[in-house]
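For reference, the structure discussed in these notes is given below.
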Amino acid sequence: MPRTASPAVVLIDRADPIPERTSEHRRIALVPADRVSIVAVDLPDVRGARLEQALRWAAEDALAGDAENQHVVPLGRRDDGRMVCAVASRADMRRWGADDPALVALVPDAAALPWQPGELVLVQHGDAVLARWGRHAFDRLDGALLDVLLPELVEQASPEQIRWYGEAPPDSVAALDPQRQPPPADLAQWLAAGARAPEVDLLYGDFAPAGRTPAPRRAWTAVLLALAALLWLGDAALEAVQLDARADALAEEIETRAARLFPDLQLLPGRERLQLERALAGRGDGGDRFVRTLRRASPLFAGLAAVTVESLSWDDELLALDVRAPGLPDLEALQAQLEARDLMVQVDDVAIESGGVRGRLVLREGP
């Protein structure tokens, strides 16, 4: 199967015309982050269509306007069990062309900023300032109001470090002694890495691309990353792992293996991925490459209910996933979506069986 070109990353500002719809030019759209809200709601553990309905009504108290006019995307549960959600109006989603078949992902622009825990990142963009201070904490601020908004933002973020990308910072920013960087020459391209492996993708539910079914970014995505990290450091492979169904059992297994592999590391619920990434950071370029590869691949599998990951292994630069899908077109669609995330994908050992196909996806980080 030939490699397809990576999708273009386009920045949609308020005054920009929406790109003409076409199925020939695949793209990722970055949209104004101040049109997207992040809320945390109490929600029971439900799935599928019931989840989509429950999300909208659970988030109603935190939303402005009629819940039926809102598009709600689950992002994952916090340590306290509440579901973190991204909310945009359905009118904005349509205006942004969310139902365009050429659209691969729809990402709030500030959510694609390069960010590390403990940082507040500020990027000058025309009359606005993009800000990110957490995995799901971001905003697009009016530059004229920055002096007013910044003290509250700094109090909320409590950053250990502030990074400013732009011309000479305003006095309110300069007083915080930020690390200064020049402004990005091309903001869309500068944000491309974060956009191709997004923490927040608004294409969900009614607006999900073909081949992706409504499913939240469930906690087992982090479990997948943690498990694979431990497989890389420990066992070569784990056969027939039904990741979704065995998430609880895997969490216990991960904790046991982590205690053996990282004696001084205590895994905290909901923070396993971050802790293991930090532990891996000291293990050379291979560890960094591994984490980048998994972070690009795992959110996609979280949204594909029809595809089952049966085993996985990591060898130097290659991540091998044995998968089962309903048919060959599903496997080809999965390959195209992985390649859209800047992964080089080779499909091997395809076997057509009763009720579906099996195949091995060999993933490598793209050039």
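Rounded to the nearest 0.05, what FRET efficiency do VAL148 and ASP66 have when you use their Cβ-Cβ distance and R0 = 30 Å? Show your work: numbers first, answer last.
Working: r = 30 Å, r/R0 = 1.01.
Between VAL148 and ASP66 the formula returns 0.50.
Under the shape rule built on the C-alpha gyration tensor, where the axes satisfy a ≥ b ≥ c, segment 114-184 is rounded, since a/c falls short of 1.5. Between the beta carbons of VAL362 and GLN161, assuming R0 = 41 Å, the FRET efficiency works out to 0.65 to the nearest 0.05. Working from label points 7 Å from Cα in the Cα-to-Cβ sense, the ASP171 to ALA185 distance is 3.4 nm.
Coordinate-derived values only; no laboratory data. All figures in this text were calculated on a predicted structure; none of them were measured in a lab. Don't worry about glycine lacking a Cβ; one is built from the backbone with ideal geometry, like all the others, and counts go over all protein chains shown.
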